[in-house]
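Engineer: This is the structure I want to talk about, given as structure tokens.
The values are calculated or read from the model by the stated rules, or taken from the named source; none is laboratory data. Treat the numbers as computed from the prediction; the structure is a model and nothing was measured. Quick reminder, even Gly has a Cβ in these numbers, built from the backbone with ideal geometry, and neighbours come from all protein chains shown. For the accessible areas, the whole protein counts, side chains as well, though only heavy atoms, and no ligand, DNA or RNA atoms are used. Shrake-Rupley method; radii C 1.70, N 1.55, O 1.52, S 1.80 Å.
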Amino acid sequence: PRALPYSSTGVDPLGYHADSTTSKTSAGVGILFSENTDPYTGRTQVVVKQIYPGGPAEGTGRIKEGDLLTDVNGEDVVGRSLFELRNTIPGPPDTPIQMGFIARESTQFYEVDMIRSLSGGPQVGHIKSIAPPAPVVEGQNPPPLPNQ
């Protein structure tokens with residue numbers, strides 16, 4: 001799996017955002033994403049690899065390592081690569097972004113609203129909605145309850 005800081009806080013240290021539509025002052029949400037392939041469908045998945053302390057993602061209190069990115073600003077991004085998302089997640093500082101995830105531990109879908117930041121801060125993100133828990137399949141243990 002590849003891990004690229006497409007939405008890290010601060011200036012992109014590896015220059016991934018340096019092209020005609022983004023600049024070195026692109027802001028992120030404080031997440032290092034990893035890309036892998038779903039073994040069942042063969043589709044690309046973008047997964048949270050790390051949450052940066054003090055960033056917008058940490059401020060939500062909801063996003064966890066291993067959560068699967070499903071949408072950005074209402075657009076389905078399942079199957080898209082990190083390269084394809086390079087101009088979608090980063091953006092001008094202090095601009096809003098909405099992201100949807102499927103929680104790794106509970107398989108619940110949730111959305112968060114954040115404000116892109118160069119330095120981050122715990123006050124910039126919050127949970128918008130959480131879907132009902134996944135159905136329990138007979139003979140399997142129920143998924144753990146999410147932290148409240």
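Engineer: Residues in the stretch 78-87: is at least one at pLDDT below 90 and either surrounded by 14 or more Cβ atoms within 10 Å (Cβ to Cβ) or within 20 Å of ALA27 (Cα to Cα) (or both)?
Structural biologist: Scanning the stretch 78-87 turns up at least one residue that is at pLDDT below 90 and either surrounded by 14 or more Cβ atoms within 10 Å (Cβ to Cβ) or within 20 Å of ALA27 (Cα to Cα) (or both).
Engineer: Ok, one more. Hey, among LEU69, LEU32, which residue is buried (at least 16 other Cβ atoms within 10 Å of the Cβ), part of a strand (DSSP E or B) and at pLDDT 95 or above?
Structural biologist: Going through LEU69, LEU32 in turn, just one is buried (at least 16 other Cβ atoms within 10 Å of the Cβ), part of a strand (DSSP E or B) and at pLDDT 95 or above: LEU69.
Engineer: Here's another thing I want to ask about it. Which condition number in (1) on the phi < 0 side of the Ramachandran plot; (2) touching a Ser or Thr at 6+ places or on another chain (Cβ under 6 Å); (3) part of a loop (DSSP other than H, G, I, E, B); (4) open to solvent by 20 Å² or more (accessible area, probe 1.4 Å) is the one that LYS64 fails?
Structural biologist: Going through the list (1) on the phi < 0 side of the Ramachandran plot; (2) touching a Ser or Thr at 6+ places or on another chain (Cβ under 6 Å); (3) part of a loop (DSSP other than H, G, I, E, B); (4) open to solvent by 20 Å² or more (accessible area, probe 1.4 Å), LYS64 breaks only (2).
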